[in-house]
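The values are calculated or read from the model by the stated rules, or taken from the named source; none is laboratory data. Note that the coordinates shown come from a computational prediction; the quantities given were computed from them, not determined experimentally. Cβ placement follows ideal geometry from the backbone for every residue including glycine, while neighbour counts extend to all protein chains displayed. Ligands, DNA and RNA are stripped out before the accessible areas are found, and what is left, the full protein with its side chains, is counted by its heavy atoms. Shrake-Rupley method; radii C 1.70, N 1.55, O 1.52, S 1.80 Å.
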Amino acid sequence: MDAHAYADEVGPSAGRPLNLRQIEVFRAIMMAGSISGAGRMLHVSQPAVSRVLALTESRLGYRLFERVKSRLSPTAEARRLYAEVEQVYGGIQRVNDLAASLGQSGAGMLKIVASASYGQRLVPLALGRLRDRHSDARVDYRSVTFDELAAYFLSGQADIGISMQPPDHPNLTSVKLATVPVICALPKGHPLADHEVVHPEDFVSAAWIGYPRDTPLGRALQSFFGAGPACAAAVEVHSPVTACSFVQQGLGPALVDAWCIAPDQTEHMVLRPIAPAASVEVWATHSNLSAPPLLARRFLAAVKKVLETAAPA
């Protein structure tokens with residue numbers, strides 16, 4: 001009686017399960033039908049495959065292959081084991097496919113919230129860069145007010161936010177990305193359009209568009225007006241995007257951030273710098289309860305690149 005036959009009599013060695021290498025070699029032999037073929041598949045020598053097979057059969061306590069005319073014929077036990085092994089490898093393939101997919105498109109839909117100003121040019125330009133590199137990326141974008149920003153994160157409706165001010169909440173982390181100048185947008189033909197630079201004392205008429213003091217633009221303009229404008233605004237809005245629309249309709253000048261102006265709007269307005277200078281900031285916000293998803297990090301990198309390379313109005 002040879003050693004293999006004896007192993008069939010005594011049964012498997014207790015407490016010695018197969019390792020992944022032994023399973024890999026067994027699968028390769030089943031697929032190739034020979035020791036030499038398995039060696040070529042695994043890029044190892046034929047003796048190395050033989051040694052692993054011998055150790056595997058020793059651990060199991062029964063034969064996996066019979067030699068038939070210089071080829072290996074799997075036993076009934078090997079065929080049953082192979083069916084289970086293939087299920088495991090199918091699962092591994094699904095894991096690899098998912099890992100590759102996550103590298104391309106991230107874990108699901110990217111949820112972005114942003115101030116309306118930055119939704120005009122900054123966010124679309126950044127999304128364009130993101131989708132050029134990751135065309136399968138899916139995005140849910142929402143324009144929100146500053147007061148709404150924190151709630152979107154706390155309710156799980158946002159992965160990344162772009163705003164003029166950082167929300168003050170212990171569960172949120174914000175990073176300043178850039179400083180953006182405030183400029184004066186004027187209806188075509190407005191008397192101030194003849195000025196090279198617009199000053200606070202130019203707002204001597206109520207026919208201009210302003211903001212409540214507690215809005216990001218309202219706060220930013222306090223340094224420009226100092227003690228306050230000579231004449232209060234006739235119309236107050238809560239977003240510079242709305243202010244630009246009102247300017248286009250001839251309701252008067254407005255002080256807006258340079259990123260809020262879409263390219264097609266410049267044909268219908270006159271833009272002038274202001275003195276003393278005023279500015280707003282670009283902040284990126286994410287939850288600090290968990291790391292931002294991969295797509296959020298890639299989007300943030302795209303925003304930074306746009307801020308470095310593209311000029312606002």
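Below are the figures for this structure:
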| quantity | calculated |
| --- | --- |
| Approximate spin-label separation residue 59-residue 236, in nm, with each point projected 7 Å along Cα-to-Cβ | 7.6 |
| Where the chain is the region considered: accessible area per residue in Å², 1.4 Å probe | 52 |
| Gained length - residue 225 relative to residue 188, 0.36 nm times residue gap less alpha-carbon distance | 10.9 nm |
| Positive-end extreme of charge dipole, the chain - chosen from 30, 165, 118 (charges on Cβ) | 30 |
| Sulfur and carbon atoms: percent of accessible area, the range 42-98 [1.4 Å] | 56 |
| Extension gain from residue 264 to residue 141, taking 0.36 nm per residue of separation minus the Cα-Cα distance | 42.1 nm |
| Extension gain, residue 195 back to residue 249 (0.36 nm per residue minus Cα-Cα distance, nm) | 17.4 nm |
| FRET efficiency, 1/(1 + (r/R0)^6) with R0 35 Å, evaluated for residue 88 and residue 311 via beta carbons | 0.05 |
| Karplus 3J(HN,Hα) series, Hz, for the range 228-234 with 6.51 cos²θ - 1.76 cosθ + 1.60 (x for Gly, Pro) | x, x, 5, 9, 5, 5, 6 |
| Most mobile of 153, 65, 224 in a GNM of the chain (Cα contacts under 10 Å) | 65 |
| Accessible area of the range 131-238 belonging to carbon and sulfur atoms, whole % at 1.4 Å probe | 49 |
| Helix-only [θ]222 nm of the chain, DSSP H runs n ≥ 4, -39500 (n - 2.57) each, per residue, nearest 500 | -12500 deg cm²/dmol |
